[in-house]
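Okay, so here's the structure we're looking at.
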There are 2 protein chains.
Amino acid sequence: MKLNPDWVVGFVDGEGCFFVGIQRNPTAKIGFQVIPEFRVVQHKRDLDVLHGLKSFFGFGRVCQNHDDRWEYRVRRLDQLHEIAAFFERHPLKTKKRIDAVKFSDVMALMKEGRHLTEIGLREIARIASLMNAGNRPRLAELLDEDRVQSDVKAPE
Amino acid sequence: MKLNPDWVVGFVDGEGCFFVGIQRNPTAKIGFQVIPEFRVVQHKRDLDVLHGLKSFFGFGRVCQNHDDRWEYRVRRLDQLHEIAAFFERHPLKTKKRIDAVKFSDVMALMKEGRHLTEIGLREIARIASLMNAGNRPRLAELLDEDRVQSDVKAPE
């Protein structure tokens, strides 16, 4: 399936998700791992569109999300930088573009290694909590589950 | 907000809905009214995108769906014919294009006045029941609520 940039922007405006997960990880330097992720979830009937996105960007994975839902997913930092650059060149039309900008902000912090410091992680958690307005309860759950806010000490 | 055709196709692939409602209406010739509708629902934060769609097509209404959800909606038959023609020229990439084709089929039947006959209405109800696969329970509810299947006699 051959896709063009404007279609991809429109589809991601509808179906895309820029997500910054923060997970407890005892092997990580400060006990938490930041996992930025770009994903597009579809019913399995539209698997070919997900593969079309993979071909369009030239990277990423198509894998099962849950049950009949599949996703095109990008997690590798170098590839996420390309995703962020694409949406800088081709801005989203919906308010999701604010998520894309915040996502780029998190990527920039990570590029400087700030996610490996407590202050940097707290800043990333703050930005992440402002993302995915339509999906905030889920993020709040995740933050709560991982106890990022309680475990990372508040600034004095 | 200026939109281009490919973005519109991508966005509708994600967020659009081709819907054929069938409602009981005592003033209609055979007691039921067929209401085909094209709609795109968004959170009110993206009202400007809905107005962008209205400008793009040059017709339709932006109105409240429920609570914080607003919709761009087209119900006028002449305008729906234009919508159908647009998506024939610019096919959807997801399986929603099958809905768009079925929608065009219903429009063609209506153009011939077949929705005013019992046989035609039954055919339209059959096509409508095959649409919106991702949303079938809602359609099933509607059909049940309107008792189309029980009130329109089955063919011998």
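Coordinate-derived values only; no laboratory data. Because the structure is predicted, anything quoted here is derived from the model rather than measured. Note that we place each Cβ from the backbone using ideal geometry, even for glycine, and neighbour counts take in every protein chain shown.
Remark: spin-label model distance A:Gln23-B:Ile127 equals 4.8 nm, labels positioned 7 Å along the Cα→Cβ axis.
Here A:Glu82, A:Glu88 are placed in order of increasing Cβ neighbour count within 10 Å, fewest first, which gives A:Glu88, A:Glu82. Between B:Leu116 and B:Glu88, the contour length at 0.36 nm per residue exceeds the alpha carbon distance by 7.5 nm. Here A:Lys96 is the anchor, and the lysines within straight C-alpha reach of less than 23 Å, apart from those fewer than 8 places off in the same chain, are A:Lys54, A:Lys111, B:Lys2, B:Lys44, B:Lys54, B:Lys93, B:Lys96. Residues A:Ile83, A:Ile127, arranged from fewest to most other Cβ atoms within 10 angstrom of their Cβ, appear as A:Ile127, A:Ile83. Apply the a/c threshold of 1.5 to the C-alpha gyration tensor of region B:16-129 and tell me whether it is rounded, prolate or oblate. Cα axes put region B:16-129 in the prolate bin.
Among B:Ile30, B:Val41, B:Cys17, which residue has its Cα furthest toward the positive end of the charge dipole of region B:1-47, with +1 on Lys/Arg Cβ and -1 on Asp/Glu Cβ? The listed residue farthest towards the positive side: B:Ile30.
Using a/c under 1.5 as the rounded threshold, could you call region A:1-56 rounded, prolate or oblate? The axes a ≥ b ≥ c are square roots of the C-alpha gyration tensor eigenvalues, and prolate needs a/b larger than b/c, oblate otherwise. The shape class here is prolate. The modelled label-to-label distance for the pair A:Lys95/A:Arg75, using points 7 Å beyond Cα in the direction of Cβ, is 3.0 nm. Qualifying chymotrypsin sites (Phe, Trp or Tyr not before Pro) in region B:32-127, where qualification requires a DSSP coil assignment and no more than 15 other C-beta atoms within 10 Å, comprise B:Phe59. Region B:1-66 to region B:97-112: how many Å between their Cα centroids? Taking the Cα centre of region B:97-112 as reference, the centre of region B:1-66 is 16 Å away. In this rough spin-label picture, where each label sits 7 Å from Cα along the Cβ direction, the B:His66-B:Leu47 distance is 2.1 nm. Under the convention that each Lys and Arg Cβ holds +1 and each Asp and Glu Cβ holds -1, the size of the dipole of region A:1-103 around its Cα centre is about 260 debye. Relative contact order of region B:56-127: 18 percent, from C-alpha pairs under 8 Å at least 6 residues apart in sequence.
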